[in-house]
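Asks: Pasting in a structure now, in structure tokens, and then I'll have a few things to ask.
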Amino acid sequence: MTSKHDGDILGRGKSQGADLIRDWFGQLSAVAQNGGDSAYVFVMGSLVELLGAFDLPVVFPEINSLQTAVRHVAHEYLEEAEDYGYSPDICGYVKADVAVQLRGGDHPAGSIPRPALAVLTNACNTYIKWAEIWERMYDTRMFTLDVPGTRSATAPESDQQYRADLAYVDGQIRELIAVCEAMTGQRLDLKRLGDRLRNANTMNTCWKRILELNRRRPGVFNALTDGTIYLGVSNALRGTAEGAQYFVDLVEELEYKADHGIGTVDDETYRLAFVGVPCYPSFRRFNEMFTEWGGEFVTSTYLWFASGGSNLGFQYDPGHPIESLAEGTLLSVRDAMDSMFHQDRVLQGMIDDFELDGVVFHPIKSCRTVSTGLADGRRALMETRDIPTLFIESDMMDRRVVSEAQLKNRIDAFFEGLASRRQREMVEA
Ligand code: SF4
């Protein structure tokens, strides 16, 4: 059912999200053109709430790189980095960024300022080697935050162990504050940090709600396509008033769709989970190969780990900003690592919560961190749950290893299997 308000609200999240990302790149371009410095960060443990309190412009090299693929020019950047000496086998995000740096910050969305500081976590081992490239190129100061992972798959962490982990992260964050104070010549303003944490709280609450809303039938957003736009804003504008308002508006839009039974495909026939990193070089077409069959991605592990664990909806205590930032970082980054490395456990809950008909595993050539365990994760899932799965390989950046014809063959066969399974179930019912 639709109403006269549809035109005001439907699609708002997509268009406003694209505007915000465009403006954000515009601001970074202005910094680059004025010769200003920036802080380079990663999606898992970005700490942008803290860096923003020092007015440090923040660059997400992962977002820059995926943008080259979505804009169909990634191959130019990859080839440039390979000609420079980087192996075809390594993370495509790294190579696209190397080419951006070799071009003096030239990027299809604008100019990227140089890094004065790189903040990275141990969530992906590539982060550390990637930041060393900037260290060699620009003498960039590196700050590595070591976040202790989940201690056991079954036993809860003891209170003593948890407090030790928390103190460890807290101590490192205080070291980062000292680095930022020395770099900027500003003392940390705890009130400003508290304000940013309040905005992050709103964004976390909304992010959790948005993910939950897709449990409704029909799903109100596509986790692969729409979700990636939301994710960009969630990372880039984290802790800002604009980011918080965007997510409040987005929840309103998606609640409206849920209340009015408005889905994203005409006929939602199969509800799917996506596991891995999207195929950005063929972003739209990849998704169409599923929607043409009435398949809708209602959830993904990507929206969990690439949001840095915002799916938890963690609420900071702005009255104790540093301690609370440490706790939120520990819990969120740890959760992001778990949903990346142990997807089979995450999927156990998703299958029931989202009433899934199938799970699509998408390992990619140039992200070993996410892809390495996917075959085992699939096998573990199939040993415990009776759910159809599809295992298709392509890449997040490199169109040379994306074969649409091969993908389509596999995807078509998957849906034929889903259709006959459904017919069988109807006969047996
Ligand atoms: S290896 Fe994967 S997780 Fe690590 S930086 Fe590259 S794309 Fe991101």
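Asks: List, please: which pairs have Cβ atoms under 7 Å, are six or more places apart or on different chains, and start with a residue in segment 122-148 that is more than 10 Å from the ligand (Cβ to nearest atom) and end with one that is charged (D, E, K, R) and open to solvent by less than 50 Å² (accessible area, probe 1.4 Å)?
Replies: Val147/Arg334; Pro148/Asp165
Asks: To continue, here is another question. Tell me, yes or no, whether segment 315-333 has at least one residue that is over 20 Å from Glu157 (Cβ atoms), within 16 Å of the ligand (Cβ to nearest atom) and touching a residue at least 60 places away in the same chain (Cβ under 8 Å).
Replies: no
Asks: Filtering segment 101-111 down to residues that are open to solvent by 10 Å² or more (accessible area, probe 1.4 Å) and assigned to a loop (DSSP other than H, G, I, E, B), which residue is farthest from the ligand (Cβ to nearest atom)?
Replies: Gly104
Asks: Being outside any strand (DSSP E or B) and within 16 Å of the ligand (Cβ to nearest atom) is true for just one of Trp293, Trp304. Which residue is that? Step through it out loud before you land on a result.
Replies: Details: Trp293 fails: within 16 Å of the ligand (Cβ to nearest atom).
Going through Trp293, Trp304 in turn, the sole match is Trp304.
Asks: Name the single residue that is farthest from the chain's Cα centre (by Cα) among those in segment 112-121 being within 16 Å of the ligand (Cβ to nearest atom) and of a type in the set (A, V, I, L, M).
Replies: Just the residues of segment 112-121 that are within 16 Å of the ligand (Cβ to nearest atom), to begin with: 115, 118-121.
Retained after the next criterion (residues that are of a type in the set (A, V, I, L, M)): 118-120.
Details: Ala118: 19, Val119: 17, Leu120: 15 Å.
Ranking the candidates gives Ala118 first.
Asks: Please go through (1) open to solvent by 20 Å² or more (accessible area, probe 1.4 Å); (2) of a type in the set (D, E, K, R); (3) within 29 Å of Val179 (Cβ to Cβ); (4) touching a Ser or Thr at 6+ places or on another chain (Cβ under 9 Å) for Glu76 and return the number of the only condition it doesn't satisfy.
Replies: Only one criterion is unmet by Glu76, namely (3).
Asks: Give me the helices (runs of 4 or more DSSP H) completely within segment 364-429, filtered to those with at least 1 residues that are open to solvent by less than 90 Å² (accessible area, probe 1.4 Å) and within 16 Å of the ligand (Cβ to nearest atom), ordered by residue number. I'd like the intermediate steps shown before the answer.
Replies: On the way: elements: 368-371, 374-384, 404-428.
Hits in segment 364-429: 368-371, 374-384.
Asks: Something else now. Scan the helices (runs of 4 or more DSSP H) fully inside segment 136-245 and keep the ones with 1 or more residues being at pLDDT below 95, open to solvent by 10 Å² or more (accessible area, probe 1.4 Å) and out of contact with any strand residue (DSSP E or B) (no Cβ under 8 Å at 6 or more places or on another chain). Spell out the reasoning first.
Replies: On the way: elements: 159-184, 190-213, 226-236.
It comes to 159-184.
Asks: Can you name the residue in segment 307-331 that is part of a helix (DSSP H, G or I) and touching a Ser or Thr at 6+ places or on another chain (Cβ under 8 Å) and is also most open to solvent (accessible area, probe 1.4 Å) among such residues? Explain how you work it out, then say what you get.
Replies: Of the residues in segment 307-331, the ones part of a helix (DSSP H, G or I) are 310-312, 321-331.
Then keep just the ones that are touching a Ser or Thr at 6+ places or on another chain (Cβ under 8 Å); that gives 310-312.
Numbers: Ser310: 6, Asn311: 16, Leu312: 71 Å².
Looking at residues that are part of a helix (DSSP H, G or I) and touching a Ser or Thr at 6+ places or on another chain (Cβ under 8 Å), I get Leu312.
Asks: Return the only residue of Val98, Val58, Val94 being buried (at least 18 other Cβ atoms within 10 Å of the Cβ) and more than 16 Å from Thr126 (Cβ to Cβ). Steps first, answer last, please.
Replies: Working: Val98 fails: more than 16 Å from Thr126 (Cβ to Cβ); Val94 fails: more than 16 Å from Thr126 (Cβ to Cβ).
Testing whether each residue is buried (at least 18 other Cβ atoms within 10 Å of the Cβ) and more than 16 Å from Thr126 (Cβ to Cβ) leaves just Val58.
The values are calculated or read from the model by the stated rules, or taken from the named source; none is laboratory data. Predicted, not measured: the structure shown is a model, and the values here were computed from it. In this analysis, Cβ positions are derived from the backbone assuming ideal geometry, glycine residues included, and neighbour counts consider all displayed protein chains. These area figures cover heavy atoms from the full protein model, side chains too; ligands, DNA and RNA do not enter into them. Shrake-Rupley method; radii C 1.70, N 1.55, O 1.52, S 1.80 Å.
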